[in-house]
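Each remark here refers to the structure printed beneath this line.
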Amino acid sequence: MNILVINGPNLNLLGLREPAIYGRTTYTELLAMIRAWAADLDLTVDFFQSNHEGALVDAIQSAYGRYDGILINPAAYTHTSIAIPDALKAVGLPAVEVHLSDVMHREPFRRLSYTAPACEITYYGLGPEGYKKGLEYLKKRQR
Ligand code: DQA
């Protein structure tokens, strides 16, 4: 089972970026954690990160026929994008949304997710563990 892990804007700056909110784990360390969790679950993962909405849409489109599921942290585009959920719905792959921080208990604008309705489940506020939960969900769902 192949999973595409997509991370949106500013997540490449994890570790540096607002550590009180996002923690000290760097983006590179996060990918290593996800790779290890995936290996434990017998999943293969590829990673894509971009700060550009259209590039994220392109990545979702190109996942069609190549991946069995998408694990996505759309970052700020969660709260603004119509194109990303449209792309997720267009390809129809099982998708899981993840947020490192507890978006329900921050600024009110973070409570609204345009992408969540295009995903089967959302994990938030668990830090990197949310990605693990997402992988476990996709693995379990397949059986
Ligand atoms: C985030 C939460 C978003 O509100 C924010 O814009 C991000 C990161 C998270 O992982 O907690 O960039 O998706």
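The values are calculated or read from the model by the stated rules, or taken from the named source; none is laboratory data. The structure displayed is predicted, hence computed values, not measured ones. Don't worry about glycine lacking a Cβ; one is built from the backbone with ideal geometry, like all the others, and counts go over all protein chains shown. These accessible areas exclude ligands, DNA and RNA; they are computed on the full protein's heavy atoms, side chains included. Shrake-Rupley method; radii C 1.70, N 1.55, O 1.52, S 1.80 Å.
Some values worked out for this structure:
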item: Matching residues, region 25-80, being of a type in the set (Asp, Glu) and at positive phi; result: Asp42
item: Some residue of region 86-102 being open to solvent by 60 Å² or more (accessible area, probe 1.4 Å) and at pLDDT below 95; result: no
item: Subset of region 67-87 [assigned to a helix (DSSP H, G or I), over 23 Å from Leu30 (Cα atoms) and hydrophobic (A, V, I, L, M, F, W, C)]; result: Ala83, Ala87
item: Region 93-114 residues that are touching a residue at least 12 places away in the same chain (Cβ under 8 Å) and near the ligand (Cβ under 9 Å from one of its atoms), paired with ones that are of a type in the set (Lys, Arg) and open to solvent by 20 Å² or more (accessible area, probe 1.4 Å) (beta carbon under 6 Å, 6 or more apart); result: Val103/Arg110
item: Region 7-28 residues that are at pLDDT 95 or above and of a type in the set (Lys, Arg), paired with ones that are open to solvent by less than 20 Å² (accessible area, probe 1.4 Å) and more than 8 Å from the ligand (Cβ to nearest atom) (beta carbon under 8 Å, 6 or more apart); result: Arg24/Gly15
item: Subset of region 4-14 that is part of a helix (DSSP H, G or I) and crowded, with 16+ Cβ neighbours inside 10 Å - its residue that is nearest to the chain's Cα centre (by Cα); result: Leu11
item: Boolean, Ser81 is modelled with pLDDT of 95 or more, of a type in the set (S, T, N, Q), touching a helix residue (DSSP H, G or I) at 6+ places or on another chain (Cβ under 8 Å) and open to solvent by 10 Å² or more (accessible area, probe 1.4 Å); result: no
item: Count of region 15-43 residues which are surrounded by 14 or more Cβ atoms within 10 Å (Cβ to Cβ) and either more than 21 Å from Ala59 (Cα to Cα) or of a type in the set (Val, Ile, Thr) (or both); result: 11
item: Region 115-141 - residue that is within 19 Å of Gln61 (Cβ to Cβ) and within 14 Å of the ligand (Cβ to nearest atom) and, of those, surrounded by the fewest Cβ atoms within 10 Å (Cβ to Cβ); result: Cys119
item: Any hit, region 41-48, residues being more than 11 Å from the ligand (Cβ to nearest atom), touching a residue at least 24 places away in the same chain (Cβ under 8 Å) and of a type in the set (Asp, Glu); result: yes
item: Restricting region 44-75 to residues that are of a type in the set (Ser, Thr, Tyr) and under 15 Å from Ala90 (Cα atoms), the residue that is most open to solvent (accessible area, probe 1.4 Å); result: Tyr64
